[in-house]
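The values are calculated or read from the model by the stated rules, or taken from the named source; none is laboratory data. Remember, it's a predicted structure, so these values are computed and weren't measured experimentally. When we count neighbours, we look across all protein chains shown, and the Cβ atoms used for this are built from the backbone with ideal geometry, even at glycine. SASA here: full protein model, heavy atoms, side chains in, ligands and nucleic acids out. Shrake-Rupley method; radii C 1.70, N 1.55, O 1.52, S 1.80 Å.
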Amino acid sequence: MNGKIGLEEHFAIAETLQDSAGFVPGDYWKELSKRLTDIHDGRLREMDQNGMEMMILSLNAPAVQAIPETAKAIEIAIRANDYLAEQVAKRPDRFQAFAALPMQDPDAATRELERCMKELGFKGALVNGFSQVGTPENVVYYDAPQYADFWARSEALDAPFYLHPRNPIASWAQIYDGHPWLMGPTWAFGQETAVHALRLMASGLFDRHPKLQIVLGHMGEGLPYSMWRIDNRNAWVKLPKAYPAKKTFAEYFQQNFHLTTSGNFRTQTLIDAMLEVGSDRILFSTDWPFENVDHASNWFNSASISEADRVKIGRTNAVNLFKLAI
Ligand code: MN
């Protein structure tokens with residue numbers, strides 16, 4: 001399929017490049033770092049060769065979220081967003097942008113989102129999981145009350161929020177002790193991000209802001225497969241609802257979430273996601289440069305789904321959600 005649009009597609013600036021170094025063996029770092037810092041050369045070639053018309057670009061991970069010093073986090077976010085705006089301006093027909101946000105300071109994050117949406121023409125934000133605030137051990141999730149105004153502004157700006165994975169910090173990750181291979185995309189990314197998404201749902205965030213849209217990568221970080229059980233465990237035991245939100249998790253999942261195919265190129269998994277949220281809420285993505293554009297595209301182009309769904313997932317859902325002028 002030609003004309004595909006991807007929205008989990010990363011780049012790095014010098015200050016954040018090393019954050020990606022641990023995710024591949026040393027002899028692959030030369031290639032990965034080249035991919036991360038390139039925008040208009042090899043990346044465009046990959047897109048051209050695989051029928052990908054546009055990438056909505058975002059900073060690598062964990063980047064801003066892992067900078068406990070708030071002033072530094074704000075500075076790096078602004079620098080990355082300014083750089084990205086310059087790059088997008090060179091080829092707006094092929095690249096658009098998500099904002100990096102210094103969530104360490106909710107007011108600064110709100111101001112930066114507003115600046116990116118209104119002045120730089122960005123399409124939303126991509127945030128790499130929890131933020132470390134003040135000290136590396138102080139971990140903050142975004143269902144916390146200090147983000148009330150941030151979420152209100154996100155909804156008013158019609159800015160989708162891509163909740164992207166990061167690894168848990170060591171002191172919170174005893175379950176992985178002695179099993180480092182479970183970190184990153186193998187397992188820990190999905191676990192961390194899925195729980196964060198469930199916290200947002202349970203908090204009542206989407207009762208207060210019913211138009212707010214969260215995007216999850218990797219075909220929903222395992223949530224489609226578990227959604228029925230989350231709402232229905234021990235259904236014979238009649239208990240009052242144990243969380244503040246008014247609706248079931250499945251209802252928020254179907255009304256306030258979009259899922260992308262990033263890094264999860266599997267038809268069985270796609271079908272499950274389609275059965276839970278419908279093809280209007282699933283969008284093609286690759287997770288470049290950590291995954292290959294050809295791997296994503298070759299799978300998606302021939303996946304056993306209807307052509308109508310392929311066009312929606314590959315392109316038109318993104319055009320609609322991000323109001324793309326293409
Ligand atoms: Mn990614």
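Reported count of residues in region 163-199, each being away from the ligand (no atom under 12 Å from the Cβ), surrounded by 17 or more Cβ atoms within 10 Å (Cβ to Cβ) and charged (D, E, K, R), is 1. Of all residues in region 182-207, those being within 22 Å of PRO289 (Cβ to Cβ) and part of a helix (DSSP H, G or I) number 8. If the condition is being β-branched (Val, Ile, Thr) and in a strand (DSSP E or B), then region 39-56 contributes only ILE56. Candidates in region 42-76 are the residues that are within 30 Å of ILE169 (Cβ to Cβ) and of a type in the set (Gly, Ala, Ser); of these, the one that is farthest from the ligand (Cβ to nearest atom) is ALA71.
Filtering region 118-153 to residues that are open to solvent by less than 20 Å² (accessible area, probe 1.4 Å) and part of a loop (DSSP other than H, G, I, E, B) leaves PHE122, GLY124, ASN128, GLY129, PHE130, TYR142. Scan region 14-38 residue by residue and report those that are assigned to a loop (DSSP other than H, G, I, E, B) and either more than 16 Å from the ligand (Cβ to nearest atom) or modelled with pLDDT under 95 (or both). Hits for region 14-38 are ALA14, GLU15, VAL24, PRO25, ASP38. On the basis of being under 29 Å from GLY22 (Cα atoms), more than 16 Å from the ligand (Cβ to nearest atom) and among the basic types (Lys, Arg), does ARG266 make the cut? It is true that ARG266 is under 29 Å from GLY22 (Cα atoms), more than 16 Å from the ligand (Cβ to nearest atom) and among the basic types (Lys, Arg). Candidates in region 3-51 are the residues that are under 20 Å from HIS295 (Cα atoms) and among the polar types (S, T, N, Q); of these, the one that is most open to solvent (accessible area, probe 1.4 Å) is GLN49.
Applying the criterion of at least 1 residues that are open to solvent by 10 Å² or more (accessible area, probe 1.4 Å), farther than 23 Å from GLU46 by Cβ and out of contact with any Leu (no Cβ under 8 Å at 6 or more places or on another chain) to the helices (runs of 4 or more DSSP H) found wholly in region 260-318 leaves 267-277, 307-311.
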